[in-house]
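One structure below.
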Amino acid sequence: MDKTKKYWKGTEELNNSSDFSTAKNNEFQEYLPTEEFLGDKEVLENSSTSRRDFLKYLGFGVTAASLAACETPVNYALPYVVKPDSVTPGIANWYASSFSDGNDYASILVKTREGRPIKIEGNKLSEVTKGGVNARVNSSVLSLYDGKRIKYPMIDGEKISWSSFDSTLKNALKNIEGKSGQIRILTNTLLSPSTKYLIEDFKAKFPAITIEHITYDAISLSGMSEANNLAFGKKVIPTYHFDKAKVIVSVGADFLGNWISPIQIAKEYAKNRKPENAWMSKHFQFESSFSMTGTNADYRTPIKPSEHGKVLVSLYNQIASKLGGSSLGASSTSADESISKAAAALVAAKGETLVVSGSNNVNDQLIVNGINHLLGNYGTTLDIDNPSFYRQGDDAAVVKLAKEINSGVVDAIFIAGVDPVYSMPAALNFAEGLAKVKTRVSFATRPNATSEACNFVAPDNHYLESWNDHNPVYGHYSISQPVISKLFDTRQMQDSFLAWMGEEVDFYAYMRKTWEAKAYPQQTVSLNFNDFWNTVVSDGVFKHNLNAPTATVFVGDLNAAAASIAKVSGADWEIEFYQKVGIGFGMDAHNPWLQELPDPVSKITWDNYITMNPSDARELGYATEYGEQKDANVANFTINGVVLEGVPVVSQPGQAKGTLGVAVGYGRTIGKEDQIVGFNAYPAIGLMAGSMSTYSTDVTFEMASGSHQIATTQTHQTIMGRDSVVRETTFGTFKNGSKDDYNPPHLLATHDGPINTTDATLWGEHPVEGVGHRWGMTIDMNSCIGCGSCVTSCNSENNVPVVGKDEVRRSREMHWMRIDRYFSSEEEQKSVDDRSYGLMEIAEDNPKVVHQPMMCQHCNHAPCETVCPVVATTHSNEGLNQMTYNRCIGTRYCANNCPYKVRRFNWFNYMGNSDFASINPSQDDLGRMVLNPDVTVRARGVMEKCSMCVQRIQEGKLTAKKDSRKVKDGEIQTACASACPTDAIIFGDLNDQGTLVRKIADSDRSYRVIEEVGTEPNIYYQVKVRNIEVEA
């Protein structure tokens, strides 16, 4: 080929005229009359502003003015940190708010960019949740941009204006009033005191109508409040103080995942799981299905659901015998040996213990109260004088409502925050009864089974568009404020009630009035209400004085409760209903971030299934291994008369033999194509003694033809004895032994004798040690509970795409952070010479578990950096392993060479490929509003991985630079560290000897994963310590 070919842009360049030669050296050659144009004699008379700078100024001014003109202001919304006069492009604003959906509660901070909420983190000013969030809370920002939200009011499925809607409904209320009719208001647990006052005002507005407010929790703990009423005369749920408990015994309560207030409890629980403290709490767990809480227990005993009550009676009797009390009659179980060990530990720490139960049976909960009273726990680890207000559901009232609507006596029903047609037990016939109610009003935010069955749909605002208040625990309050103007023609439920009452005020004014009358007098700091209100809205929280403790008088009839428990019979097969940590009770099942979050125990995504013990599964011929080419068997189940066909069966280590488990909250639609994920298990829930039971003994099943594809992110179950990946020890060894006993260094054999592997290297050292910043992280595996909050937080912060079930099944999930779950194996207990490596891959029937967060280790000797042919992955002078996306050509050599397997390859253009449009929010005009503008959206064919939130690091450094100071310890937080409810992840500068991360990294419990290969990671892990006694 002729290499002298010449290319030109025009004939002027071809001919190389003198005018062209002059012009090409002067890019901005035209005369710009800046002074005449600006013409400000006082400021710019002698201006020498260049055209480039002027255009920058003009461009910014026009853009800012446009933004200011287009922005819809959020009235009275006070940001948490600063109070800007207007939104500044490129700068985030943070607002204090609260999340509450009847299942979870958290005081939160909402990050907005250019008026768009894009990230949710915890509010550390809250004394309840203390800055903690879980996956469901930090993923809730995505539901704001759900394209399937109901966008306008409807009557009989037809769009209508709010004025016409109100007029029609007022006429209906007038007709009901004329005949002294019946109205029912059915809601989830409401923590809002102002909303409760409003409902009472609504009742008072129509005195001729009998109006009742019923609280319904899909997963009920009504039996607990009933038991407290029988025991203490207070129908409440006490406040638990897990941070004060030296011994914790749980019978079926997944208190770290779903029970009562998991965020609050997880923060307190982790506080005393650190072996460096003077004492470390000891945790006993008795349960049927393997819960996340069970994976964190020191001692775990599988039992059948029908044995829960008997275990509690046996525990009571053993404690009573040690303390000289009376027993409740003979009660033996299969777990007596474990119960004896738990009883001894409880008595030894009397007054500083806690016994809890996940049962919804009033008799079980009454025995729990008796045990805690016997141990003197009330007033220390339990506070019934300052109760919590979670889980206010009343099963008796719900059953009564179902009977009333089926009898046709109810004239109107208002339903908010719940989907009873979907979630009520089939035995209640709620759907059939609802059809008999003439006026059916749903406040659903998106279409669901109940809204489809209602003739009036008054869509509620999203909580990020609304004002509200919350009272989760006595004396503690928080505020929700709108951080964006409403996106659709929706209206807050409370504003709808005010409109139908004929009131001229909105709920914001109503709430302010309530706070001025109720809360303001209980403080002494602010001299006027406006100052008080502004402070509360800015901080997001308010606390007034708590009730003084009173003597607890127990009046419950324990003998009668024990007698009722003794009559409970089991069966060959029993099934337990539980909530998954990601999906919860199902109201967030439409959220793709949560669907793609692996279950902390099974590591399965995008499905629910029936869990079965591996031994039972092998005996019955069901598959026990799952992967891209290994599907699950399916079976037909009949539970309480409800038939579930073609349900996948999954072998789950830790499941009690003779029991099954099934997660509720599935069988709902997701995405643009209304794809149904999983199956709905709610109708199969039965009633026991008038309460909704958490289990059933009425279950039969048989294997069906066909199979079901399972999408799991982890196909290996154990670490196969590799103590360089996970290290663990006992509390006694940690306290009494040396570091070499539980965390010995890796030694390398040389001609001169063994040396530490960190002292031998073939690499040229990066100048990061002691030079400038060196960003690093520590992860405490004693504090990590496996909840996945860090995973969804990372997805939200770094625009990690959703890929869907089929891609996950092919091991193509894109999560930058994963949580590896390792089961113990019986074979690992044998000596090295006697081990079978094939058997080491098989988990025990009741294994111990370790959760290990794993992301890019930002190695100082990174194997990925040396193999990239285009230098797309490099090492920064601050210790970070960097990716240059527009340089990457997708050879995937780096992924092959990474020993931690933390790099992700974009097999498709997930942000644009139509195959992923249904479930990927970034392909929706509304959904892409959640994307973080500070993070590049990656293209097809590009590798990506954890960046250690480099955008946050840069922001923190610039802030410190503007203030002419050094970066403060803790000032910069990665998304995962900020989301962790147990503070297991600590981030900071390893070169600063005063930082917490440096101190932890230097502690005896710290090690680095597979350090012996010489990668020199900047991520340190801490040895897992179990508070168990090693039997000789």
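Quick rundown of the values:
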| item | result |
| --- | --- |
| Ranked packing of 143-153, 794-804, most packed first, by mean Cβ within 10 Å | 794-804, 143-153 |
| Calculated FRET efficiency for the pair residue 955/residue 229, C-beta based, R₀ 41 Å, to 0.05 | 0.20 |
| Given 436/580; 267/1024; 244/267; 148/805; 267/805; 543/966, the pairs whose alpha carbons are separated by over 23 Å | 436/580; 267/805; 543/966 |
| Farthest positive-ward along the stretch 92-144 dipole, Cα basis, beta-carbon charges - from 131, 115, 100 | 115 |
| Per-residue HN-Hα couplings for the stretch 434-443 [Karplus 6.51, -1.76, 1.60; θ = phi - 60°; Hz; x = Gly/Pro] | 4, 4, 8, 8, 5, 10, 10, 10, 10, 9 |
| Estimated distance in nm for a label pair at residue 907 and residue 675, the labels positioned 7 Å out from Cα along Cα-to-Cβ | 1.3 |
| Residue among 988, 586, 416 farthest towards the positive dipole end of the chain, charges placed on Cβ | 416 |
| Nitroxide proxy distance, nm - points 7 Å out along Cα→Cβ at residue 566 and residue 203 | 4.2 |
| Sorted peptide list for 321-332, 917-928, criterion being average Cβ within 10 angstrom, highest first | 917-928, 321-332 |
| Over the stretch 92-144, equivalent-ellipsoid semi-axes from the Cα gyration tensor in Å | 18, 13, 8 |
| Value at 222 nm in deg cm²/dmol, rounded to 500, when DSSP H runs of n ≥ 4 in the chain each add -39,500 (n - 2.57) | -7500 deg cm²/dmol |
| Simple Cβ-charge dipole of the stretch 92-144, Lys/Arg +1 and Asp/Glu -1, about Cα centre, in debye nearest 20 | 200 |
| Positive minus negative residues near residue 646 (Lys, Arg vs Asp, Glu; Cβ under 13 Å) | -4 |
| Length-normalised contact order of the stretch 571-712 in % [C-alpha pairs under 8 Å, at least 6 apart] | 36 |
| Student exercise, the stretch 368-524 dipole from Lys, Arg, Asp, Glu Cβ charges, in Debye to nearest 20 | 180 |
| For the stretch 222-388, share of DSSP beta bridges that run antiparallel, in % to the nearest 5 | 15 |
| Number of Lys pairs (Cα under 21 Å; 8 or more positions apart or on different chains) in the stretch 307-405 | 5 |
| Antiparallel DSSP beta bridges within the chain, percent to nearest 5 | 60 |
| Local electrostatic count, residue 704, Cβ distance below 14 Å [Lys/Arg +1, Asp/Glu -1] | -3 |
| Neighbour-count order for 851, 708, fewest beta carbons within 10 angstrom listed first | 708, 851 |
| Packing-based exposure ordering (other Cβ within 10 Å, fewest first) of 806, 411 | 806, 411 |
| Dipole of the stretch 222-388, positive direction: furthest Cα of 242, 365, 388, with charges on the beta-carbon | 242 |
| The stretch 571-712, Rg to Rh (Cα coordinates; Rh as Kirkwood inverse mean 1/r) | 0.94 |
| Simple Cβ-charge dipole of the stretch 222-388, Lys/Arg +1 and Asp/Glu -1, about Cα centre, in debye nearest 20 | 220 |
| Burial ranking of peptide ranges 932-943, 621-632 (average Cβ count within 10 Å, highest at the top) | 932-943, 621-632 |
| Neighbourhood charge, 13 Å Cβ-Cβ cut-off, centred on residue 799 and excluding it, Lys, Arg +1 and Asp, Glu -1 | +2 |
| Under the Debye formula (equal points on every Cα, no solvent term), log10 I(q)/I(0) of the stretch 180-339 at q = 0.10, 0.12 Å⁻¹ | -0.54, -0.72 |
| Kyte-Doolittle mean at least -1.0 and Cα axial length at least 20 Å: DSSP H helices in the chain | 51-70, 162-178, 308-323 |
| Answer label for mean projected area of the Cα convex hull in nm² (calculated), chosen among (1) 48.5; (2) 52.8; (3) 55.9 | (2) |
| Which of 260, 120 has the fewest Cβ neighbours within 10 Å, and the rest in rising order | 260, 120 |
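Values quoted throughout were computed directly from the atomic coordinates according to the rules given, and no laboratory measurement underlies them. Nothing here was measured: the structure is a model prediction, and the numbers come from that model. Cβ sites come from the backbone with ideal geometry, for glycine too, and all protein chains shown count toward neighbours.
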